[in-house]
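Report on the following structure.
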Amino acid sequence: MRSKRGYFRIMPTSFSEPSHPYTETATWYDAIYEARGRDCHREIERIAPLWIDDGCCGETRSILDVGCGTGGHFEALSSHGTITGVDRSEAMLSIARRRGIAGAIEPGDLETLSLGRRFDLIVSLFGAFGYLPDRQALVNAMSGLARHLECNGMILIEPPLFAEHFQTPRVDRTSTSFEEGILTRTARAERRGDALEIEFEWVHRHERTDVTRRVIEVHRMLLLPSVVWLEEAHRAFGAEFELSIEKQGPIGRGLLVAVRRDGVPGSD
């Protein structure tokens, strides 16, 4: 079956009984994003020039992938260094481990991360930082990454979406073949202040048995302007970092770039 995407203008009036994001749907995650055309190799190709002249090579560079999910970027990152993957979802990490690519995979939360070691390159891609509850949590999480960074290291954070790029939401439906059936995810989004609330309705129907499984999730993502991301980055990283916004990033949502220039490694 060919993957299908459809768009509908009707918005829901309310959300219903959500489960925690990706606890029940981790095994469906990659199938849906492949159906949507996601290309993790291409994403890494677009941002690799940012670190290519950092004085390291694939044999010596240590990479921390924070919010790694199922490890979709691991294969593309593996040619650039040795990977440690961290995520708070054990269901997602179990899939990442099965890839057999990362040197280490550990559970961890952005706000309280403490691994006891430092890295040359830290990446947090595909909007993982958007799940933080507020701006103070954003600062806390960025500060935590700084503690894990080697001298002259680089931190790359991809936001879920800069607020200035926000457009009126529409219902988005993606369908694809999965495990002898049809998997469909319908996304309904609504802006709530400085957050974007997205309801994901997942439905898998087994074609032979006609057994249907349905899961509802609500994802709350920070929706902040790029200038605010820079403000909070300055608070978190301090004067020893050079900060900038790369407009395109891996998929066109932009990228926060922080480079340590003080010659002093982090304290973790």
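The values are calculated or read from the model by the stated rules, or taken from the named source; none is laboratory data. No experiment lies behind these values; they were computed from the predicted model shown. No Cβ is skipped: glycine too gets one built from the backbone with ideal geometry, and neighbour counts run over all protein chains shown. Calculation scope for accessible area: heavy atoms of the full protein, side chains included, ligands and nucleic acids excluded. Shrake-Rupley method; radii C 1.70, N 1.55, O 1.52, S 1.80 Å.
In square nanometres and to one decimal, what's the mean projected area of the convex hull around the Cα atoms of the stretch 118-268? Don't skip to the end; give the middle numbers.
On the way: hull surface 41.7 nm².
The Cα convex hull of the stretch 118-268, projected and averaged over all directions, gives 10.4 nm².
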For this session: Working with all protein chains in place, sort R38, R261, R99 by solvent-accessible area computed with a 1.4 Å probe, largest first.
Result: R261, R99, R38
Exercise. Among residues other than F162 whose Cβ falls under 10 Å from its Cβ, what is the net charge (Lys/Arg +1, Asp/Glu -1)?
Worked result: +1
For this session: Report the Stokes-Einstein translational diffusion coefficient (µm² s⁻¹, integer) for the stretch 57-184, Rh taken as the Kirkwood radius over Cα pairs, at 37 °C with viscosity 0.692 mPa s.
Result: 206
For this session: Divide the volume of the convex hull of the Cα atoms of the stretch 67-131 by its number of residues and quote the answer in cubic angstrom per residue.
Result: 82
Seminar exercise, completed: Given a 1.4 Å probe, the accessible area of the stretch 151-268 per residue, as a whole number of Å², is 46
For this session: Report the far tail of the P(r) of the chain, meaning the percent of Cα-Cα pairs longer than 31 Å.
Result: 26
Seminar exercise, completed: Share of accessible surface on carbon and sulfur in the chain, whole %, 1.4 Å probe and ligands ignored, is 47
Exercise. Which whole-number percent is the relative contact order of the chain (Cα, under 8 Å, 6+ apart)?
Worked result: 22
For this session: Give the Kirkwood hydrodynamic radius (Å, one decimal) of the stretch 99-148, defined as one over the mean of 1/r across all pairs of different Cα atoms.
Result: 12.1
Exercise. Which Rg and Dmax, in Å, describe the Cα atoms of the stretch 205-253?
Worked result: 20.4, 61
Exercise. Exactly which GluC sites (Glu not before Pro) in the stretch 110-191 are in a DSSP loop and have at most 12 other Cβ atoms within 10 Å?
Worked result: E179, E180
Problem set entry | Environment charge at L230 (Cβ cut-off 14 Å; Lys +1, Arg +1, Asp -1, Glu -1) | -2
Exercise. What GluC sites (Glu not before Pro) does the stretch 23-95 have in DSSP loop regions with at most 16 other beta carbons within 10 Å?
Worked result: E24, E59
Problem set entry | Protein-only accessible surface order, largest first, of T82, T112, T186 at 1.4 Å | T112, T82, T186
Problem set entry | Which of H73, H165 is most accessible, then next, and so on - probe 1.4 Å | H165, H73
Problem set entry | Cβ-defined net charge surrounding K247, 13 Å radius [Lys, Arg +1; Asp, Glu -1] | -1
For this session: Between R235, R185, R220, find the one with the highest GNM mean-square fluctuation for the chain; connect C-alpha pairs within less than 10 Å.
Result: R235
